[in-house]
Each structure stands twice: as C-alpha cells, then as structure tokens.
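Okay, structure first, notes after.
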Amino acid sequence: MKNLTFVIVIMSLLQACGNDVNNDLQSQQFPSSVSGSLEHQNNQRVYNLHIPPAYDGLTDLPLVIMLHGGSGNAKSVQGFTQMNPVADANGFMIAYPQGFAPAGQNGFSWADGRETSATLMGIDDVGFILKLVEKLISNYRINSNKVYVAGFSNGGFMSQKLACELEDVFAGVGTLGATIDSDVLSKCTTSQSIPMLLMLGDADPFVPYNGGTVANNPSPIAGIETLANFWKENNNCSTTKPETQLPDVNSRDNSTVSLFQFSDCACDADVSLYRINGGGHTWPGVENVSYEMIAGETNKDINASTVLWEFFDEHERCI
C-alpha cells in the first residue's frame, strides 16, 4: 500500500497549500445530497454523498464511508442507520456506496470474502472503495487523516476486509451486525494499528455471536470476541478494561449492553466491543417493528450511529 500512502500524502499537501488560496474565497452553499458514479472493472458503480450544512468548501471535514447490508442499497441504509442527522449535528461527510448486483437485479451485495453473489462474480469491492475515497478527497475538502469506514451485516463483513487490505487509508473501522470471514482473518497480516469498534447482538438470528456460518452462506466466520482479540493483539493493546454494563435506559426493549474495551494501544488504536445482550440483527437506537419480526430485538439503550461517530471522532489516521 506504499503507493496509496504516497497519493494520500500528496493530496494532504495540496490541501494544505490550498488553504492559503482559499482564505480569500467566499464560503459556498452545497446540496445536502449528491448522487455520483465511477467506473470500476468496466462497471458503473454508484454512491450517494451526504453533505452536512457545516460544509462551505473552505474547511476540511472528516468523511465516513457507510456500507449497507446484503440486499440493501445506498438509499435504504440511510433510513436504516439514521446517520445523516448525526453527520449534520457533528459536521462530517458521509458517503453511501452501493454494492454490486447482476444487470436487472436489485440484490446488491459486497465481495467481503465470503461466498456472496458479488464475490462469486469476481467483483473487486476493495478497489471500488479505494477509488471512491480518492475521488471524494480530490473533489471535496476532506481531511485525509480522518476518513473512516463502517458497515452493517454484509457491509460489516466488508469493513473488516477493507481494514485488512487498505490498512493505511482508514482512521477507524466500525463493524456492526457482523464479524469477519475466517479466511479473511487468517490472511489479515496488517501491521497497521487501526481503531476498531465492534457491535453485535448475542441473539442475532443471522450472524452467530460465537462464529459458525451465516444463513444461506456456507463460508465460516469467526466469533466476534475472536475478532476483538485479533485487533487487540494487532494494535498492541496492553490494558483490558473490566466489562462495563451500560445503563438500562429502556427497560422495555428486552436487551441491555455490555462494553468491553482494550486500551493503551499503539497509535491510540483502542478496540471497543459492544455486546447487545438479547439484541438481534438490528441497528441499536433505530427501531423497525416489522423488520424485528424476523431480525429480533432492537436495543434502545444506545444509539449506534452516535456511538459510532463519537468513537471515530477520537481518532486520526496513524502515520
């Protein structure tokens, strides 16, 4: 990844030089949502970019890449996570790339290392996400040291593959409703310390907390605690904090939250694991009653979008 590091360093220098020029420019108004596309592997890949009101074209903002779940898309994930209000309140950009589906079909998926439809079709989603990050840094005032990636379910598995293969791009990674493909984990030899937030319900009906296989996918996956321990070792974390039981703010959601933290890590790349006790394949803080009928309980003691951003906001890319 040395070439990528060079590209990001050059972009950072150009941004720094641009600061002097832009001092004489007037702030601009930007639309809150931009739909875009780029070509990769002879396919036209699409994404949606949410721009917060704080963006004026003069100041570099952080960027979050948010990956939807399997069969989701760049639009549905915005409602599922409710990340846009958090971006507006805290002044960061958020990009929603869309997975791949065969022509005429809507079952978008990510090539996350497991036997997803995108993987079986030879889709290079690592390359797609890298191109997207480079394009957004080139087109907007983005702090290249504060670029993050997060995903849910299929997107969460993809976020782990990105952490392993684009080690010098992201300042933090969030994996929710997912773990990691066992083969991807066995080949993850990154030496980069990467802040890591993990969140999974121990009653998730689709993604087993202790590992195994996901429904309708034969690829074995690691348990979430195995994944947390991997990043603890990778990040050289020397302190394991006692399990913390978070306040049971909503006693009617049939779930609670336990937090496990590994700290005093290289580059301050701490690891946080949120176990949603009794939680299903859902996004904490955002309830969808009809979806709960198949996915299980939604925890309301925390808001996953807020927790995710607060974690990201504490970290910059380790250089």
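The values are calculated or read from the model by the stated rules, or taken from the named source; none is laboratory data. All of these numbers come straight from a predicted model, not from anything done at the bench. Because the Cβ atoms are built from the backbone with ideal geometry, glycine has one as well, and the counts that use them run over all protein chains shown.
Before moving on, here are some points about what is shown:
- Of everything listed in (1) within 17 Å of P208 (Cα to Cα); (2) outside any loop (DSSP other than H, G, I, E, B), the single unmet condition for C164 is (1).
- Of residues in the range 165-221 being at pLDDT 95 or above and of a type in the set (S, T, Y), the one farthest from G113 (Cα to Cα): S193
- For the range 107-132, taking the residues that are of a type in the set (D, E, K, R) and part of a loop (DSSP other than H, G, I, E, B), the one that is nearest to F30 (Cα to Cα) is identified as D124.
Quick grid of which residues meet (1) more than 30 Å from T298 (Cβ to Cβ); (2) charged (D, E, K, R):
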| site | (1), (2) |
| --- | --- |
| G36 | yes, no |
| D60 | yes, yes |
| V64 | no, no |
| F108 | no, no |
| K146 | no, yes |
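Yes/no per residue for (1) touching a helix residue (DSSP H, G or I) at 6+ places or on another chain (Cβ under 7 Å); (2) farther than 22 Å from T213 by Cβ; (3) surrounded by 24 or more Cβ atoms within 10 Å (Cβ to Cβ); (4) of a type outside the set (A, V, I, L, M):
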| site | (1), (2), (3), (4) |
| --- | --- |
| S76 | no, yes, no, yes |
| P85 | no, yes, no, yes |
| Q98 | no, yes, no, yes |
| W110 | yes, no, yes, yes |
| D125 | yes, no, yes, yes |
| N143 | no, yes, no, yes |
| N154 | no, no, yes, yes |
| T175 | yes, no, yes, yes |
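- Unique residue being of a type in the set (G, A, S) and either within 28 Å of N42 (Cβ to Cβ) or within 11 Å of the chain's Cα centre (by Cα) (or both) when the list is G201, G223, G212, G155: G155
- Selection status of K135, in contact with a Pro (Cβ under 8 Å, 6 or more places away or on another chain), among the charged types (D, E, K, R) and either buried (at least 23 other Cβ atoms within 10 Å of the Cβ) or not in a loop (DSSP other than H, G, I, E, B) (or both): no
- Selection status of C318, surrounded by 17 or more Cβ atoms within 10 Å (Cβ to Cβ), at pLDDT below 95 and either under 26 Å from N235 (Cβ atoms) or of a type outside the set (F, W, Y) (or both): yes
- Applying the criterion of being in contact with a Phe, Trp or Tyr (Cβ under 8 Å, 6 or more places away or on another chain) and buried (at least 16 other Cβ atoms within 10 Å of the Cβ) to the residues of the range 247-259, the residue that is nearest to T298 (Cα to Cα) is V257.
- Of the listed requirements (1) in a helix (DSSP H, G or I); (2) within 27 Å of D270 (Cα to Cα), F170 misses just one: (1).
- Failed criterion for N299 (all others in (1) surrounded by 14 or more Cβ atoms within 10 Å (Cβ to Cβ); (2) of a type outside the set (D, E, K, R); (3) in a helix (DSSP H, G or I); (4) in contact (Cβ under 8 Å) with a residue 60 or more places away in the chain hold): (3)
- Residue that is modelled with the lowest pLDDT, among those in the range 4-57 that are of a type in the set (D, E) and exposed (fewer than 15 other Cβ atoms within 10 Å of the Cβ): D20
- Neighbours by Cβ (under 8 Å, 6+ apart or cross-chain): first from the range 135-163, closer than 30 Å to V207 by Cβ; second of a type in the set (K, R) and buried (at least 24 other Cβ atoms within 10 Å of the Cβ): F157/R114
- A54 meets all of the listed conditions (1) out of contact with any Ser or Thr (no Cβ under 6 Å at 6 or more places or on another chain); (2) under 18 Å from V173 (Cα atoms) but one, namely (2).
- Taking the numbered list (1) in contact with a helix residue (DSSP H, G or I) (Cβ under 9 Å, 6 or more places away or on another chain); (2) closer than 23 Å to A304 by Cα; (3) among the aliphatic types (A, V, I, L, M) in turn, V184 passes all entries but (2).
- Residue identified as under 19 Å from the mean Cα position of the chain (by Cα), surrounded by fewer than 18 Cβ atoms within 10 Å (Cβ to Cβ) and either assigned to a helix (DSSP H, G or I) or not hydroxyl-bearing (S, T, Y) (or both) among E287, E233, E292, E310: E310
- Here is the figure for the range 37-60: residues that are in contact with a strand residue (DSSP E or B) (Cβ under 8 Å, 6 or more places away or on another chain) and either of a type in the set (A, V, I, L, M) or free of Cβ contacts under 8 Å to residues at least 40 places away in the same chain (or both) total 8.
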